[in-house]
Amino acid sequence: MEERNKTLGEFIIENQAAFQYSSGELSRIINSIRLAAKVVNYKVNKAGLVDIIGAAGAQNIQGEDQQKLDVYANEIFIQTLINREIVCGIASEENDEYITVEGNDNCHNNKYVVLMDPLDGSSNIDVNVSVGTIFSVYRRISPVGTPVTIEDFLQPGINQVAAGYVIYSTSTMLVYTTGHGVNGFTLNPAIGTFYLSHPNIQFPKNGIIYSVNEGNYVHFPQGVKDYIKYCQLEEDERPYTSRYIGSLVSDIHRNMLKGGIYLYPTSSKSPKGKLRLLYECNPMAFIVEQAGGKASDGLNRIMEIEPKELHERAPFFCGSYNMVEKAEDFMRLAKLSKY
Ligand code: P6P
């Protein structure tokens, strides 16, 4: 019989035992995200055809105009998780406060919380550039049987039990980790099935791609300016190239397959950085570290930051291990030379 790639469903069943606590709840969360991703994918692909792109008018907590697809994706991911009654709480970039999942038979007994950016890079939607969903899963720390609390969400990234992203691009992929490596699944839209297309993804230790919005160059910390100049120097014919899509999931996905570094440093416009620690930096960092890469705030491991607020931001240096190390060296050197 002809060998075919494993489906996501088969992969989840096969790896069920490896999931932490292997209660089946985590598998059901990934299955829930799988369904929501297919529904959102359908709308993202149709966005150009129906009146669903363009700002929905409301603004989210970040003060950003909510694109209609933002709102739609947020509702799909949240509702799918609530309908399946598998988590006790949900936090989203699009919701000011976290959601306590009540459900019919008391979701307070559930063990996991999910945090997400339902449609990252949404400003790219109406110019037909790829966008993504990012999710992060933690085991609650408040007592099972009680309503979820803010502390269940304000955990450092090292406590994550799973993290992943969906990239809606030339093809739609679901890439995730449960702490046992990183695997990528590509959607066959004809039959609505995700197939294992990128098993055990390894982040190249080195690369020639640096991804940063150089329009902010004059506002960057000196260490970042020095690193960018290092990448551009010809002294040993380093063939660096600058690639920046303006969509976190797309930039990191490309760099993870080819090698590269993504930087979103502090700047005068974003004194704490722009990216959100809990549902952008930490899940991407978990994936990148599991694939052999590195993720920091320029000085310290990003997943060891103790969060204080649900929507707090952090500077983000993420990618090929040796490239992030080099950028951190420039940051430390610049910090030392200040004194
Ligand atoms: P800038 C999208 O809004 C996002 O959060 C990331 O997906 C992306 O990498 C970054 O912001 C782009 O920000 O300031 O360069 O447009």
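The values are calculated or read from the model by the stated rules, or taken from the named source; none is laboratory data. Just so it is clear, the model here is predicted, and its values are computed rather than measured. All Cβ positions, even for glycine, are placed from backbone atoms using ideal geometry, and neighbour counts span all protein chains on display. Keep in mind that these areas ignore ligands, DNA and RNA; they rest on the heavy atoms of the full protein, side chains included. Shrake-Rupley method; radii C 1.70, N 1.55, O 1.52, S 1.80 Å.
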| request: Any chance you could count how many residues in the stretch 181-212 are farther than 20 Å from G259 by Cβ and not small (G, A, S)? | output: 10
| request: Run down G184, G246 and say which single residue is in the same structural domain as G292 (by TED's automatic domain parsing), within 23 Å of the chain's Cα centre (by Cα) and either within 13 Å of the ligand (Cβ to nearest atom) or of a type in the set (G, A, S) (or both). | output: G246
| field | Neighbours by Cβ (under 6 Å, 6+ apart or cross-chain): first from the stretch 119-135, assigned by TED's automatic domain parsing to the domain that holds L278 and closer than 15 Å to N41 by Cβ; second of a type in the set (S, T, Y) and near the ligand (Cβ under 10 Å from one of its atoms) | value | none
| query | With (1) within 12 Å of the ligand (Cβ to nearest atom); (2) without any contact (Cβ under 8 Å) to a residue 60 or more places away in the chain; (3) touching a helix residue (DSSP H, G or I) at 6+ places or on another chain (Cβ under 6 Å); (4) open to solvent by 30 Å² or more (accessible area, probe 1.4 Å) as the list, and G215 as the residue in question, which single condition is left unmet? | reply | (3)
| note | Those residues of the stretch 249-271 which are of a type in the set (K, R) and either outside the structural domain of K294 (by TED's automatic domain parsing) or at pLDDT below 95 (or both) amount to K269
| request: Search the stretch 71-101 for residues being within 16 Å of the chain's Cα centre (by Cα) and not in a helix (DSSP H, G or I), and hand back the single one that is farthest from the ligand (Cβ to nearest atom). | output: I90
| query | Hey, does the stretch 312-322 have a residue that's in contact with a Phe, Trp or Tyr (Cβ under 6 Å, 6 or more places away or on another chain), open to solvent by less than 30 Å² (accessible area, probe 1.4 Å) and on the phi > 0 side of the Ramachandran plot? | reply | yes
| Scan of the stretch 257-272 for residues that are touching a residue at least 40 places away in the same chain (Cβ under 8 Å) and surrounded by fewer than 22 Cβ atoms within 10 Å (Cβ to Cβ), ordered by number | L257, K258, G259, T266, S267, S268, K269, S270, K272
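Just to be sure before I move on: is V50 at pLDDT 90 or above, away from the ligand (no atom under 16 Å from the Cβ) and more than 22 Å from the chain's Cα centre (by Cα) in the structure I sent? Explain how you work it out, then say what you get.
Numbers: at pLDDT 90 or above: no; away from the ligand (no atom under 16 Å from the Cβ): yes; more than 22 Å from the chain's Cα centre (by Cα): yes.
So V50 fails the test.
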| Inside the stretch 102-142, can you point out the residues that are at pLDDT below 95, away from the ligand (no atom under 15 Å from the Cβ) and either farther than 29 Å from T172 by Cα or surrounded by 20 or more Cβ atoms within 10 Å (Cβ to Cβ) (or both)? | E102, G103, N104, D105, N106, C107, H108, N109, N110, K111
| task | Could you please let me know if I252 is open to solvent by 40 Å² or more (accessible area, probe 1.4 Å), within 23 Å of the chain's Cα centre (by Cα) and touching a residue at least 60 places away in the same chain (Cβ under 8 Å)? | result | no
| Meets criteria (of a type in the set (A, V, I, L, M), surrounded by 17 or more Cβ atoms within 10 Å (Cβ to Cβ) and either within 22 Å of the chain's Cα centre (by Cα) or farther than 25 Å from L336 by Cβ (or both)) for I228 | no
| said: Against the condition modelled with pLDDT under 90 and surrounded by fewer than 18 Cβ atoms within 10 Å (Cβ to Cβ), how does I82 come out, does it pass? | reply: no
| message | For the condition within 22 Å of S169 (Cβ to Cβ), at pLDDT 95 or above and not assigned by TED's automatic domain parsing to the domain that holds Y176, what is the one hit in A285, A314, A327? | response | A285
